[in-house]
Amino acid sequence: MSESTATEPMTICSVVTKSHLALARVLARSVKAVHPSAQVYVLLADRVDGYFDPAAEPFITVQLQDLGRQEFVERMSFYYTPLEFCCALHGLLHVYMWERTTSPAWIYLDSDIYVLSSMSEVMKALRSASVLLNPHNSSPASPEFVADTEVANLRDGLFNGGFLGVRRCEQSRPFVSWFTDRLGQFCFDGVRGLFVDQLWLNHVPQYFRDVTIFTQPGANLAHWNLYKRTLTRDAQGRYLADGQPLMFVHFSGWNIEDPDAVSRHVTTYQNLQIPQLNIWRELAQRYRAALLENGYATVCQWPYAFSKFDDGTEITWTMRRSYYQEICTGRAPPTSPFARGQEFRKQSEGQAS
């Protein structure tokens, strides 16, 4: 971890279920190791249910009841899967940051991010940007990575949803409102050609003013750009990407049980011998150790609060989608969907017969 600190005011936010709490702890502690005065907010897309003490965490815990539009939140918690729900809450998290904090700007980071050095350059870019986006790639792919990058970007989005900045200004408020609305209704994974929140970001530069596309090589190192980066260490042992400080690593699709593999999303690296992989694996081992130190083995087993009806029976993917169709057609009753276990089970039995 870099020993350098930054004076730039820093506010970070993220979203997790409680089974991913160790990731949020590592994110928060890695941020504060570089920016000791930083404020880190983590929205729990779940319920505490006595599994941990929010006040003891290295971040400010935002719970679902702290958000507005509670009926909207409950409906989303039913018709979205856990991944979809986490992504759908990004919009409401930005609303919370706007309405419940005084931060002049904030950075959203996915929980599977590990901060290594100052992010002041990001905050500097936000001084003149309403919204800051980070592209998966900023130059054409080499032949062996076209399918894994350019083709994947056409399918999954040009910009990475795991790193996004917002400045409190007149130009960004319409973005926050639009993003919240779209994610509340259309944040599915693989339905209607959607990939949770990420494809919506393609529209941002054409819809909103003063959007900055941030391309510094030290930000958001991940499987989609690793092969493009020259990774080294300087005389003080600090990590560099293309000669610039490596700000943070995004372990998207990485598996703690197979830390040397870059990501489940890309198999091309398995057949390559490139120098970048040596430092990547070194970083992955450090990240793995940090997760284990922060309780990963325990928290990964904690149950998701919205996986069952009030009567304790499981909610299936089909039931979630059936409820969404009720919402879309105006047929959803005013009662909580979690109280309708028997009704949904009868529907499922009727469809199966």
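The values are calculated or read from the model by the stated rules, or taken from the named source; none is laboratory data. Not measured: the values here are computed from a predicted model. We place every Cβ from the backbone using ideal geometry, glycine too, and count neighbours over all the protein chains shown.
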* Restricting the search to region 308-326, which residues are hydrophobic (A, V, I, L, M, F, W, C) and more than 16 Å from PHE85 (Cα to Cα)? -> PHE309
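Give me the strands (runs of 3 or more DSSP E) completely within region 175-283, filtered to those with at least 3 residues that are in contact (Cβ under 8 Å) with a residue 60 or more places away in the chain, ordered by residue number.
Values: elements: 211-213, 231-233, 239-241, 248-250.
Ranges flagged: 211-213, 248-250.
Scan ASP260, ASP242 and give me the residue that is surrounded by fewer than 16 Cβ atoms within 10 Å (Cβ to Cβ) and modelled with pLDDT of 95 or more. Show your work before the answer.
Working: ASP260 fails: modelled with pLDDT of 95 or more.
None of the others qualify; the one that does is ASP242.
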* Structure fact -> Per the filter on region 309-320, residues exposed (fewer than 15 other Cβ atoms within 10 Å of the Cβ), in contact with a helix residue (DSSP H, G or I) (Cβ under 9 Å, 6 or more places away or on another chain), touching a residue at least 24 places away in the same chain (Cβ under 8 Å) and closer than 30 Å to TRP254 by Cβ are THR316
* To do: Please state which one of LEU277, LEU240, LEU246, LEU221 is under 22 Å from PHE159 (Cβ atoms) and more than 19 Å from the chain's Cα centre (by Cα).
  => LEU246
* To do: Just name the residue that is surrounded by the most Cβ atoms within 10 Å (Cβ to Cβ) out of those in region 142-164 that are in a loop (DSSP other than H, G, I, E, B) and aliphatic (A, V, I, L, M).
  => LEU158
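Scan region 276-294 for residues that are among the polar types (S, T, N, Q), over 15 Å from THR232 (Cα atoms) and either crowded, with 19+ Cβ neighbours inside 10 Å or in contact with a strand residue (DSSP E or B) (Cβ under 9 Å, 6 or more places away or on another chain) (or both) and jot them down.
Within region 276-294, the subset among the polar types (S, T, N, Q) is 276, 278, 285, 294.
With over 15 Å from THR232 (Cα atoms) added as a condition, the list becomes 285, 294.
Correct list: ASN294 only.
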